[in-house]
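Notes to accompany the following structure.
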Amino acid sequence: MHAMADGGPHLSLQALELREGHREAAIERRADFAKRMQGGLAVITSADRSQANRYESFTDETENKDFVFLTGIYDAHPPGHVLVLNPGGKTYKEILYTDMDPKEATRLSGIVHVFPRDRFLEHMSSALTDYRNLRITQLRFKEVASDLSYGWGNKEKPLYVNYPRFDNLNEAPPERLAFVDRIRASTSEVQVRDASDILDPMRMIIDRFARKNLDEAIAITGRGLQEGMRIARPGLTTLQVMQSVDYVYRLNGATLGFITGVSPASQVNEKIAWESAAAEEAARKGDARIMPGSLVHFDTGAAMNHYSADIQRTVPADGTFTPEQRRIYQGVLDVQKAVIAAVRPGVTWAQLQEIAERELRKKGGWDESYTYGIGHFIGMEVHEHGDYVGPLKPGMVIAIEQGAVVNGTRVAFEDDVLVTDKGHEWLTRFIPIEIDEVEALRRQPATLRPEAFLAPPR
């Protein structure tokens, strides 16, 4: 399997056009990475997904995204590519080892020095030799390896490697890291370090290229989600509504940050009288008939060139909220707005979590049904890697998510928020969230008509 930027064999014209500027962004990112290194070399390898995530399901090309981030090269055909950063070198400060056309590799990445993939271990083998031990002959005929040796130093040799962030010791180790064991066996001087210690802080702060693609992902999510909010009504199934949302994403050239979730939000944790055994089985496997008087919950996010939105909304299937639904909806919305209002530089995730729990508790113990965290970073992953202990900083984009189940009624929200110099920008506020906004949207005719494409019931 190839690691592809769009998660599949097709690439939209829209996505390709939005990749303009990645070359320049990658050049700046590599320079920033090199400044953050404390000497030594960095080896960033493109990679297909090699292990299942211990915590949750990320996209198949998760392990390839550090390489994409630093190069602007999206496809990773086995055996993949290797980026070597050598900030202490004299000439070969950036090297790309790849089997793709060298001119194309340079055009995409801005890296001048490109060599065949199979030269990587050859150059690294010679680079392990202390520079002071290299003869003039070697300096003349092994100029690349000699420059790597020069940049690596004569004593301690730091080596930054893009390890998997979520390793699973029950499974075979990633084959792409086998060279690390060989290096460790060759010398005691090499100090292997995790490149994510540098990459995570970089990826947490959204630069111009990332912001352009994330803004597009959010805009497309808004189009698809609002269409789903119009469509959801009794008689359709949750899977049919979900397919309608995802169709809008793909039509706009986006991919799925994750599979859209559409689910009934009424009679939650209560025994439901299913129409049939088949209906009950389908519901347990992800599809359920939307019933009159129920609420419908959406959890969704389109992605553009890896950058993904993540948004949740809850709508009434009949178009208007019942008085009880309005009471619960408004209560949870008040909490969402209180948490978002608190977002600013210096605030920690723990403080935002405490606000959510406190405000839900004030509603009458609603916090007891709030069993997940207040949010996460978003970026090249829907749940982006980052520091969930330290304070928020300007340039971070975070998803704020919380909700409650009250008397079998579930209401939950998730919104994407940019941390600014003095506060925040609520990026997904344009998607209806106030009660009157949602009911007004439900009165609008849907552009898509799923029933027109459905076979008549048996």
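The values are calculated or read from the model by the stated rules, or taken from the named source; none is laboratory data. Here the structure is a predicted model, which means the values were calculated and not measured. Counting neighbours? That spans all protein chains shown, and the Cβs are built from the backbone with ideal geometry, glycine included. Remember, those area values only see protein heavy atoms, side chains included, never the ligands or the DNA or RNA. Shrake-Rupley method; radii C 1.70, N 1.55, O 1.52, S 1.80 Å.
Inside region 434-458, residues that are in a loop (DSSP other than H, G, I, E, B), of a type in the set (A, V, I, L, M, F, W, C) and either farther than 30 Å from Arg327 by Cα or touching a strand residue (DSSP E or B) at 6+ places or on another chain (Cβ under 7 Å) (or both) make up a count of 3.
Scanning region 409-426 for residues that are surrounded by 15 or more Cβ atoms within 10 Å (Cβ to Cβ) and either free of Cβ contacts under 8 Å to residues at least 60 places away in the same chain or over 21 Å from Ile205 (Cβ atoms) (or both) yields Thr409, Arg410, Val411, Ala412, Phe413, Glu414. Based on what the data block shows, is Ile220 open to solvent by less than 10 Å² (accessible area, probe 1.4 Å) and among the hydrophobic types (A, V, I, L, M, F, W, C)? Answer is yes for this residue. Does any residue of region 279-286 turn out to be at pLDDT 95 or above and either in contact with an Asp or Glu (Cβ under 9 Å, 6 or more places away or on another chain) or farther than 29 Å from Tyr160 by Cβ (or both)? No, the conditions are met nowhere in region 279-286. Residue count for region 57-107, restricted to those that are surrounded by fewer than 23 Cβ atoms within 10 Å (Cβ to Cβ), of a type in the set (Ser, Thr, Tyr) and within 24 Å of Lys142 (Cβ to Cβ): 3.
Would you say Glu401 is free of Cβ contacts under 8 Å to residues at least 60 places away in the same chain and part of a strand (DSSP E or B)? Spelling it out, it is not the case that Glu401 is free of Cβ contacts under 8 Å to residues at least 60 places away in the same chain and part of a strand (DSSP E or B).
For region 394-405, the set of residues classified as within 19 Å of Ile355 (Cα to Cα) and either aromatic (Phe, Trp, Tyr) or open to solvent by 10 Å² or more (accessible area, probe 1.4 Å) (or both) consists of Glu401, Val405, listed by residue number. Hey, could you check region 367-384 for residues that are over 14 Å from Phe413 (Cβ atoms) and of a type in the set (Val, Ile, Thr) and say which is surrounded by the most Cβ atoms within 10 Å (Cβ to Cβ)? Of everything passing the filter in region 367-384, Ile378 is surrounded by the most Cβ atoms within 10 Å (Cβ to Cβ). A count restricted to region 340-366 and to residues that are of a type in the set (Gly, Ala, Ser) and open to solvent by less than 30 Å² (accessible area, probe 1.4 Å) stands at 3. Would you check if Asp200 is surrounded by fewer than 16 Cβ atoms within 10 Å (Cβ to Cβ) and either touching an Asp or Glu at 6+ places or on another chain (Cβ under 8 Å) or under 16 Å from Val161 (Cβ atoms) (or both)? No: the conditions fail for Asp200. Does Ile231 satisfy being modelled with pLDDT of 95 or more and closer than 30 Å to Asp421 by Cβ? When the stated conditions are applied, Ile231 does not pass them.
Table: residues versus (1) surrounded by fewer than 20 Cβ atoms within 10 Å (Cβ to Cβ); (2) under 27 Å from the mean Cα position of the chain (by Cα).
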position	(1), (2)
Arg132	yes, no
Glu143	yes, no
Tyr160	no, yes
Leu177	yes, yes
Asp181	yes, no
Arg184	yes, no
Asp194	yes, yes
Glu216	no, yes
Gln226	no, yes
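Inclusion of Glu425 among residues that are modelled with pLDDT of 95 or more, outside any loop (DSSP other than H, G, I, E, B) and either in contact with a Lys or Arg (Cβ under 7 Å, 6 or more places away or on another chain) or not hydroxyl-bearing (Ser, Thr, Tyr) (or both) is warranted.
With respect to the conditions (1) closer than 20 Å to Ala412 by Cβ; (2) over 25 Å from the mean Cα position of the chain (by Cα), Leu256 falls short on a single one, namely (2).
Selection of region 342-387 for residues being modelled with pLDDT of 95 or more, among the aromatic types (Phe, Trp, Tyr) and within 20 Å of the chain's Cα centre (by Cα) yields Trp349, Phe377. Inside region 325-368, residues that are touching a residue at least 40 places away in the same chain (Cβ under 8 Å), in a helix (DSSP H, G or I) and over 18 Å from Glu425 (Cβ atoms) make up a count of 13.
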